[in-house]
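Undergrad: A single structure is presented below for examination.
The values are calculated or read from the model by the stated rules, or taken from the named source; none is laboratory data. Since this is a predicted model, take the numbers as computed values, not measurements. Every residue, glycine among them, receives a Cβ derived from its backbone with ideal geometry; neighbour counts consider all protein chains shown.
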Amino acid sequence: MQKIARLPDAVANRISAGEVVQRPSSVVKELVENAIDAGATRIVVAVKDAGKELVQVLDNGCGMGADDAHLCVERFATSKITSADDLERLDTLGFRGEALASIASVAHFELKTRRIDDEAGLLLRFEGGDLQEERPCPAEQGTSVSVRNLFYNVPARRKFLKTNATEFKHIYESVKAQVLAYPEIQWKMVSDDEQLFDFRSSDMHERLDFFYGEGFSESLVELREENDFLTLFGYVAKPGMLKRQKNDQLFYINRRVIQNRMLQQALQQAYGELLVERQVPFALLFLGLDTEKVDVNVHPAKLEVKFDDDRSVRNMFYPLLKRAVRLQDFSPDVGIGEGFQRMKQYEDIQLHHHSSKKLGFQDIASPASTTDELYRSYRSASLPSLPLPPSLLAGESSAQGALFHEEPARELRRSTQPEATLLQGDDSRPDASSEDAKIWQLHNKYIICQIKTGMMVIDQHVAHERVLYERAVEVMDNNVPNSQQLLFPQKVELKTWEFEIFQEIRDELGRLGFSLRPFGSTSVMIEGIPQDVRNGSEGYILQDMIDEYRQNAAKLKLEKRENLAKSYSCRNAIMAGQKLSLEEMRSLIDRLFATRMPYVCPHGRPVIIKISLDQLDRMFGRK
Ligand SMILES: Nc1ncnc2c1ncn2[C@@H]1O[C@H](COP(=O)(O)OP(=O)(O)OP(=O)(O)O)[C@@H](O)[C@H]1O
Ligand SMILES: [Mg+2]
């Protein structure tokens, strides 16, 4: 072997470029981050040929003096940290002093920069990292970096670049992530001389609608939660509405875009049963964390971070999210469905007209309403002669206010209704005269009721399913007695496969309230049933449930109890087509709102849809 020698800088730079600069989008990301760090309030990104010919980022930030302009393409030259300690509390996106050196070593690199007090700007041109030209030039305050012919001197890398469509998509996604994280910055993007967007206002709704489709932002729930350890701000989609979409989750730590499986999984779990099979909820989530508690110096493209203590971040993040998800009014509004279907792709970006509405980051959207507010609005608008239950008068409860306490109103209401009352009415309360109650059944299928802002439509079957599902889970998990003895036990003849499944879930069925005794080789004697099983259905309900259980097991790979709760609720719920009395409807709505998640059935379908007066007015041309 030869003797060890230090590599010249040019070689070292090119080696580190291999890690930092993987494709044109890496260049865009690094330049944009520099512009943000420079305090820019306006950033223009221009690319040609999907960044292969040109990536240019122009900002109105602080600019650089001549010395700095020379230094910035040197390796480990940075203004952002001065000691190793600074790495512990980074508040800038850059810190390694490596990006520009790496980029300049594998491209034709031009820098134009001017500080506010400088008389003129300065232009520096490099090729493969070597200075070719230096001269004063006219320039506005700020910096413009142009990177041409990326990898011109590393043909192997250039050859492995993907198609323009793919490379451009990476660039676009990367810029989009920053545009959504920095509403206070004006962003413009141009590709092959065509303007893609020019956001002049800081209106987040405008940006979200632009990237994800008209009306999209209205279908989101804004979250704003906080504890001693972290802050959580952002938007998530109402469940039951979203089809699977890729690239629709953006996580930020201290406004740095990151990828993190732990956070993704926590989000997925917080939604839990609200999601249909393998659905991924849309999320744009900003976590704020003490900078000393995260290490950002762990990934060449700064795309991953390491938490001091993974578990405690999860332990903080998950309940905040879970709580936020649980408390929100997730019912979809009419009209937004179309927006969802027409998710915008970057190909069909249209020129946009912008409103001049100015909003700060803090007041991006009014907080979404909560479940209690919706229930309250229903009670007062649909049953005007009935007083609100005392638990609701006790005080306002808001998502923010009661962060670490269980909400008394909801907890109280949960346990008020004896389960068997749904189809027998509820005599315990003062009666609203039928004329007063603004509740109707439509085609024996939907329940319509008046709420303060308009109306809500409830699907009676899935609503009841949600009620029964939660009840089943509670009964099984907490050993709640739930069985009623049958006066005349019934014998059911099962098929062999049905009997096998019966054996497998026999214990759980017992917990649920079925009192069953095997009888002969494949028969079962039903001696008791759960309270909610409809009269007359004792004979076939067991077979129906077993069938549903088998389908769920094959399709959804559900855990035993979860599966059983779903099968049970699905097969026992009142069907579409069944006529309900006013009392039954009232009781169902009350019980629905006492569930943890009234908006989505256990299979992920929406339960409640709202139509506002405003929407009606618009449809009828009144507005
Ligand atoms: N757009 C800009 N405006 C003002 N100064 C800039 C700009 N871009 C770069 N600089 C200066 O050049 C230095 C080097 O930039 P470079 O991106 O190479 O490193 P960094 O941002 O410090 O760290 P990292 O390698 O993590 O990005 C920066 O520290 C900053 O002082
Ligand atoms: Mg940088």
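Undergrad: Is it the case that Glu584 is of a type in the set (Asp, Glu), assigned by TED's automatic domain parsing to the domain that holds Arg379, in a helix (DSSP H, G or I) and over 29 Å from Asp436 (Cα atoms)?
TA: no
Undergrad: Out of the residues in region 16-71 that are of a type in the set (Gly, Ala, Ser) and farther than 18 Å from Ala139 by Cα, state the one that is nearest to ligand 2 (Cβ to nearest atom).
TA: Here the residue is Ser26.
Undergrad: Show me the helices (runs of 4 or more DSSP H) found entirely inside region 1-71 where at least 3 residues are more than 19 Å from Asp130 (Cα to Cα) and under 28 Å from the mean Cα position of the chain (by Cα).
TA: 24-37
Undergrad: While we're on this one: Quick test of your reading of the structure: Leu87 fulfils all but one of (1) at pLDDT 95 or above; (2) surrounded by fewer than 19 Cβ atoms within 10 Å (Cβ to Cβ); (3) within 16 Å of ligand 2 (Cβ to nearest atom). Name the failing condition by number.
TA: It is condition (1) that Leu87 fails.
Undergrad: Which residues, counting only those in region 545-583, are buried (at least 16 other Cβ atoms within 10 Å of the Cβ) and of a type in the set (Lys, Arg)?
TA: Within region 545-583, Arg550, Arg561, Lys566, Arg571 qualify.
Undergrad: Test each condition in (1) more than 25 Å from Ala463 (Cβ to Cβ); (2) at pLDDT 85 or above; (3) in contact with a helix residue (DSSP H, G or I) (Cβ under 8 Å, 6 or more places away or on another chain) for Gln259 and report the one that comes out false.
TA: Only one criterion is unmet by Gln259, namely (3).
Undergrad: State whether one or more residues within region 97-113 are among the small types (Gly, Ala, Ser), more than 13 Å from ligand 1 (Cβ to nearest atom) and at negative phi.
TA: Yes, region 97-113 contains a residue that is among the small types (Gly, Ala, Ser), more than 13 Å from ligand 1 (Cβ to nearest atom) and at negative phi.
Undergrad: From the list Pro598, Pro606, which residue is in contact with a Lys or Arg (Cβ under 8 Å, 6 or more places away or on another chain) and either surrounded by fewer than 19 Cβ atoms within 10 Å (Cβ to Cβ) or within 30 Å of Ser219 (Cα to Cα) (or both)?
TA: Just a single option satisfies the conditions, and that option is Pro598.
Undergrad: Within region 153-218, which helices (runs of 4 or more DSSP H) (wholly inside it) include 3 or more residues that are buried (at least 21 other Cβ atoms within 10 Å of the Cβ)?
TA: In region 153-218, the matching helices (runs of 4 or more DSSP H) lie at 164-181, 204-212.
Undergrad: Taking region 77-90 on its own, how many of its residues are part of a loop (DSSP other than H, G, I, E, B), more than 9 Å from ligand 1 (Cβ to nearest atom) and not hydroxyl-bearing (Ser, Thr, Tyr)?
TA: The total comes to 1.
Undergrad: Let me ask something else. Between Ile611, Ile541, Ile589, which is of a type in the set (A, V, I, L, M) and either within 20 Å of Val492 (Cα to Cα) or in a loop (DSSP other than H, G, I, E, B) (or both)?
TA: After applying the criteria, what remains is Ile541.
Undergrad: On to the next question. If a residue has to be hydrophobic (A, V, I, L, M, F, W, C) and modelled with pLDDT of 95 or more to count, how many in region 1-51 make the cut?
TA: Residues flagged as hydrophobic (A, V, I, L, M, F, W, C) and modelled with pLDDT of 95 or more within region 1-51 amount to 14.
Undergrad: Quick check on region 91-115: of everything there that is part of a loop (DSSP other than H, G, I, E, B) and within 12 Å of ligand 2 (Cβ to nearest atom), which residue is nearest to Arg157 (Cα to Cα)?
TA: Here the answer is Glu98.
Undergrad: Starting from residues that are surrounded by 14 or more Cβ atoms within 10 Å (Cβ to Cβ) and of a type in the set (S, T, N, Q), keep the ones in region 112-148 and report whichever is farthest from Lys29 (Cα to Cα).
TA: Gln141
Undergrad: Is at least one residue of region 495-518 modelled with pLDDT under 95, of a type outside the set (A, V, I, L, M), within 22 Å of Ser587 (Cα to Cα) and buried (at least 17 other Cβ atoms within 10 Å of the Cβ)?
TA: No: region 495-518 contains no residue that is modelled with pLDDT under 95, of a type outside the set (A, V, I, L, M), within 22 Å of Ser587 (Cα to Cα) and buried (at least 17 other Cβ atoms within 10 Å of the Cβ).
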